[in-house]
Structures are given as C-alpha cells and as structure tokens.
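I have placed the structure first, in the form of structure tokens, so that the comments after it can refer back to it.
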Amino acid sequence: MKYETVIGLEVHAQLLTKSKMFCACSTKFGEPPNTLTCPICLGMPGVLPVINRRAVEFALKTALALHCPINPSCRFSRKHYFYPDMPKNFQISQYDQPLAQHGFITIRMNGESKQVGIRRVHLEEDVGKLVHAGTMAEAQHSYVDFNRSGVPLLEIVSEPEIHSPAEAAEYLRQLRAVLMYLEVCDGNMEEGSFRCDANISIRRAHSPELGVKTEVKNMNSFKAVQKALEYEVKRQIKILEEGGRIVQETRLWDADQEITLSMRTKEEAHDYRYFPEPDLLPLEVSPVWIEEIRSSLPELPEERRRRFVLHYGLPEYDAGVLTATKALANYFEECVSLHPQAKVVSNWVMVELLGQLNKDNREIEASPISPQALAELLSLMDQGVISGKIAKAVFEEMYQTGEAAGAIVKEKGLTQISDEEELLRIVEEVIAQNPGPVADYRAGKEKSFTYLVGQVMKATKGKANPQLANRLLRERLGEPGKQTAD
C-alpha cells in the first residue's frame with residue numbers, strides 16, 4: 001500500500017432533554033417553523049442563558065460510558081461565525097476547557113477488536129435549520145427555521161485513529177449504540193439528531209506526518225459516510241498521483257451523484273474568535289454527582305455482547321448483531337426467556353425477522369411479531385406440531401396479519417403429520433410409485449434418498465414430520481447398497 005488513510009470523526013448528538021440548552025423552550029421535533037423560540041434562543045439583547053442540568057447529566061453519562069475522565073472545571077465559550085441559521089451570529093460551545101477528554105470506544109472489524117481514542121466530549125447549543133426551495137437553475141429561495149436553535153448538542157471528537165471508511169462506519173454504529181443504550185439520544189440520522197462530520201487525509205505509507213485534511217459534511221446514514229469517504233480516498237490519491245496539492249477545505253457529499261463537492265475553505269480555530277462566554281460562570285461538577293451517575297450506568301453494548309457469548313453460547317457474530325440496539329437485545333432476551341434455545345431464537349431473529357424488517361425499512365420496535373408470538377411459533381415447531389418449512393410459512397402469515405401462530409396453524413390445517421401409521425402408509429405408497437429412485441438408492445446412490453424424502457413431503461403437502469419420515473424411509477429401504485425385501 002503506497003498510501004495510508006487517516007480519518008477523524010466529529011459527531012454531534014442531540015440530547016433527549018425536554019427543554020433547550022439555555023432556555024425553557026421545547027425541543028419537540030416537527031412543530032411548525034419558528035414556534036418553539038424565545039428571546040434567549042433567538043439571541044435578543046439583554047437576555048441571560050441558564051445551563052440545562054439534565055443536558056449536563058446526559059453529557060456526563062456519555063463521557064463516563066466512553067471511559068473519559070471528567071475535567072473538574074469546564075467553561076463555555078462563544079464561537080463566532082456568520083450564517084443565516086445563527087440568530088446570534090455566535091454559538092455557545094466549549095473550546096479550551098471541555099467537559100471531558102481522553103476516552104476510547106471499542107470497535108470490532110473482521111473478528112478483531114480495536115480501540116479508537118476519544119479526544120474530547122463537550123456541550124454546545126445547536127443552530128437553526130435552512131430550508132431551500134427551488135432548483136439551482138431557478139431563482140432559489142431559502143427559509144430559516146429557528147426551532148432547533150438552542151437544542152442541547154453533545155459533540156464527540158475522535159482521535160485521527162481510523163484508517164478506512166469501513167472502520168469509520170463501524171465506529172459510528174458503535175457510538176450510536178452507546179448513546180441509545182444510555183437513552184440520551186434517539187440516534188435518528190435522517191432527522192439530524194445524530195450527525196457526523198469527517199476529517200480525512202492521505203499520507204504516504206509509514207510517513208510520520210499527516211496529510212492535508214478535508215472535512216466532509218452532509219452524510220445522513222452509515223452507508224453515506226462510508227461511500228463519501230471511499231470517494232474522498234480515491235479523489236485525494238488521484239490528485240497526489242498526478243502531482244497536485246490537496247487543499248484544506250470543507251466538502252459536501254452529493255448522494256445523487258455520489259461525489260463530494262467543494263463548499264468552502266476550511267476554517268481554523270482562530271477564525272472563530274473564541275472567547276469565554278461572559279454570561280456563564282465556569283461549570284464545576286461535584287465528584288459525588290459523577291460517582292452517582294457512574295453507578296447508574298446501564299449495561300452497555302460491548303458488555304452485553306460479551307454476556308451473550310458467555311451466557312447464551314452465541315457466536316461472536318450473532319452477539320454483535322443482536323446487541324446493535326438496546327431494543328433488539330431486549331427483544332432477543334425476552335424471546336429466549338420464553339423459549340430457552342438461544343441459538344434457535346438467534347437464527348430466527350437475525351434471518352427471518354430482521355430480513356423482513358430491513359426489507360420494509362422498519363426498526364425492531366415496529367415489529368408486528370412480538371417476542372411472545374415468536375416464542376409460541378418456535379415452541380410449536382419444537383413440539384413437532386409443525387415442521388420447519390411450515391413454520392416459515394406461518395411466520396410470513398404472522399408478519400403480514402399479526403395473528404398468533406397457533407390460530408394460523410389451526411385455521412389453515414397446517415398441523416404436522418406425526419402419526420406413525422398414517423405416515424408409514426404414505427412412505428410405502430412413495431416407495432411403490434418410485435421404483436427407479438428406490439433401485440438407485442439400494443445400488444448405493446444416497447442422493448436418491450433425498451429425492452424420496454421430497455416425494456413424501458410433497459405427498460403430505462409439507463406436513464410430514466421430517467425426522468419421522470426419514471426414519472420410516474430408512475427402515476423400509478435399508479442401508480444404501482443393500483437389498484431389502486418390500
């Protein structure tokens with residue numbers, strides 16, 4: 001490899017507080033434009049901000065979950081820039097004295113664990129939202145909605161220790177999972193409550209010096225982040241290979257064209273003219289409060305993944321998928337408590353249920369099949385009432401209608417044939433009707449047995465108990481290669 005990719009990520013997570021960072025306005029999403037504002041979040045002269053205690057609590061929770069030491073004192077600063085969505089033309093943020101620093105998060109790639117450093121975790125207020133109407137070819141109009149202005153934001157900045165777009169996407173998945181397990185952020189990328197800016201540079205392999213970085217914005221999914229960074233890697237390598245020079249700039253990801261486009265030259269810290277926020281005293285967090293929060297932390301994704309492997313005997317891959325969100329992990333555990341066969345439950349949740357949900361773009365919370373309903377279906381299969389093939393058909397019916405497995409089986413007459421006499425009669429009919437495959441099997445062609453099993457299943461419309469059908473066929477046919485009288 002001639003080049004090495006170096007990526008650092010800046011994540012902005014909207015905190016799930018009921019009120020804004022420095023005022024009592026609601027943080028509710030989707031309200032009519034400019035209806036959730038007041039003189040404080042609009043930056044009117046003479047107003048005074050007041051720090052939201054719950055926002056600080058959520059920030060401390062996150063910092064502790066990310067293994068960050070909490071700084072004994074932090075302070076807010078004014079970050080100045082001029083843009084239509086900034087009512088005050090400055091943002092109250094934290095700069096030289098953040099809330100917490102020097103943590104890490106564990107990611108897993110190709111079965112191996114890696115720690116990515118967390119440089120800083122700090123609080124700030126969100127800005128408003130610009131809505132653009134019309135195309136670039138037309139006279140475009142822009143509208144400003146200040147409802148989001150002042151909503152508490154948690155900024156989490158990684159160290160530049162990510163070395164591929166795939167690693168970047170996995171880092172974001174794990175970080176989002178942590179925030180959602182803590183219940184401090186809903187993680188909705190489409191609504192903008194979990195946003196990511198990526199800093200990426202390319203350097204010669206084994207070079208101690210970092211290359212010139214570009215910042216990439218406007219990515220609203222893990223897939224978009226990975227694609228945007230893959231494009232940037234190729235773009236920057238091409239420039240270097242042709243003898244060009246990388247320019248430090250901010251670029252936007254265009255999902256339609258799948259390219260990045262230059263937006264503006266990248267600002268440095270001095271461009272923002274940071275200075276301490278004069279209306280807010282330094283924030284000092286009590287060690288007692290920190291320990292109270294630490295003791296209240298829930299089981300986090302990495303801990304839960306390890307427990308699923310040790311306690312349920314699941315493969316690493318299964319445990320990783322099932323602990324991706326707190327809701328999914330809860331669903332799995334509730335189902336296992338009712339049908340204590342962890343691997344069977346895991347297979348059905350990952351393959352059948354998640355397959356359907358992903359196809360419909362649904363989250364586990366919107367599943368039409370509850371853990372209790374899935375456990376009932378698996379119990380019917382385990383008891384031999386229905387076969388695995390019928391269980392999949394019943395599952396599809398359950399997913400579409402919301403009906404219980406037992407009701408569907410009864411209504412459609414799908415009960416498995418487990419009566420030995422009835423099934424033996426069908427087996428003998430299949431043997432009599434298929435002399436060629438029978439002869440082939442007795443001549444040593446094992447594949448013919450599979451064909452005969454299929455004929456039994458066909459004759460019973462898939463209702464035959466597979467294990468019983470196999471046994472009865474073996475008994476009637478004998479071992480392959482041996483003649484047995486009918």
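The values are calculated or read from the model by the stated rules, or taken from the named source; none is laboratory data. Just so it is clear, the structure is predicted and the values come from calculations on it, not from any experiment. Backbone-built Cβ (ideal geometry, glycine too); neighbour counts: all protein chains shown.
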### Message
I want to confirm something. Restricting to region 278-306 and keeping residues that are among the charged types (D, E, K, R) and crowded, with 16+ Cβ neighbours inside 10 Å, which single residue is nearest to L60 (Cα to Cα)?
### Response
E302
### Query
When V285 is evaluated against the numbered criteria (1) more than 30 Å from G43 (Cα to Cα); (2) touching a helix residue (DSSP H, G or I) at 6+ places or on another chain (Cβ under 9 Å); (3) assigned by TED's automatic domain parsing to the domain that holds F104, which criterion, by number, is the only one it fails?
(1)
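Can you report the number of residues in region 181-220 which are acidic (D, E) and within 23 Å of D256 (Cα to Cα)?
4
Here's the yes/no breakdown for (1) modelled with pLDDT under 85; (2) acidic (D, E):
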{"residue": "E112", "(1), (2)": "no, yes"}
{"residue": "Q115", "(1), (2)": "no, no"}
{"residue": "E124", "(1), (2)": "no, yes"}
{"residue": "M136", "(1), (2)": "yes, no"}
{"residue": "R148", "(1), (2)": "no, no"}
## Note on the structure
Quick count over region 1-54, residues being among the basic types (K, R) and in a loop (DSSP other than H, G, I, E, B), is 4
### Task
Would you confirm whether any residue within region 22-43 is among the hydrophobic types (A, V, I, L, M, F, W, C), in the same structural domain as R176 (by TED's automatic domain parsing) and over 15 Å from F146 (Cα atoms)?
no
### Query
Among the residues of region 27-42 satisfying the criterion of being in contact with a Lys or Arg (Cβ under 7 Å, 6 or more places away or on another chain) and closer than 24 Å to L99 by Cα, which is surrounded by the fewest Cβ atoms within 10 Å (Cβ to Cβ)?
T27
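What about Q356, is it among the polar types (S, T, N, Q) and in contact with a Ser or Thr (Cβ under 9 Å, 6 or more places away or on another chain)?
Values: among the polar types (S, T, N, Q): yes; in contact with a Ser or Thr (Cβ under 9 Å, 6 or more places away or on another chain): yes.
Criteria met by Q356.
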### Query
List pairs: first in region 219-242 and among the charged types (D, E, K, R), second in a helix (DSSP H, G or I) and modelled with pLDDT of 95 or more, Cβ under 9 Å, 6+ apart or cross-chain?
K223/A169; K227/P165; E230/P165; E230/A166; E232/P165
### Message
List pairs: first residue in region 1-26 and surrounded by fewer than 22 Cβ atoms within 10 Å (Cβ to Cβ), second residue of a type in the set (D, E) anywhere in the structure, Cβ distance under 6 angstrom, at least six positions apart or on different chains.
### Response
E10/D197; H12/E155
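Strands (runs of 3 or more DSSP E) wholly in region 55-146 with at least 1 residues that are within 26 Å of the chain's Cα centre (by Cα) and surrounded by 16 or more Cβ atoms within 10 Å (Cβ to Cβ) - which ones?
100-109, 112-125
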### Message
Suppose we filter region 155-186 for residues that are of a type in the set (G, A, S), buried (at least 21 other Cβ atoms within 10 Å of the Cβ) and outside any helix (DSSP H, G or I); how many remain?
### Response
1
### Matching helices (runs of 4 or more DSSP H) fully within region 406-470 where at least 1 residues are at pLDDT 80 or above and of a type in the set (D, E)
420-433, 435-442
### Task
Could you look through region 421-439, keep only residues that are over 52 Å from the mean Cα position of the chain (by Cα) and among the acidic types (D, E), and pick out the one that is farthest from L477 (Cα to Cα)?
E429
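In region 182-205, what residues are more than 16 Å from R148 (Cβ to Cβ) and touching a strand residue (DSSP E or B) at 6+ places or on another chain (Cβ under 8 Å)?
Correct list: V184, G187, C196, D197, A198, N199, I200, S201, I202, R203, R204, A205.
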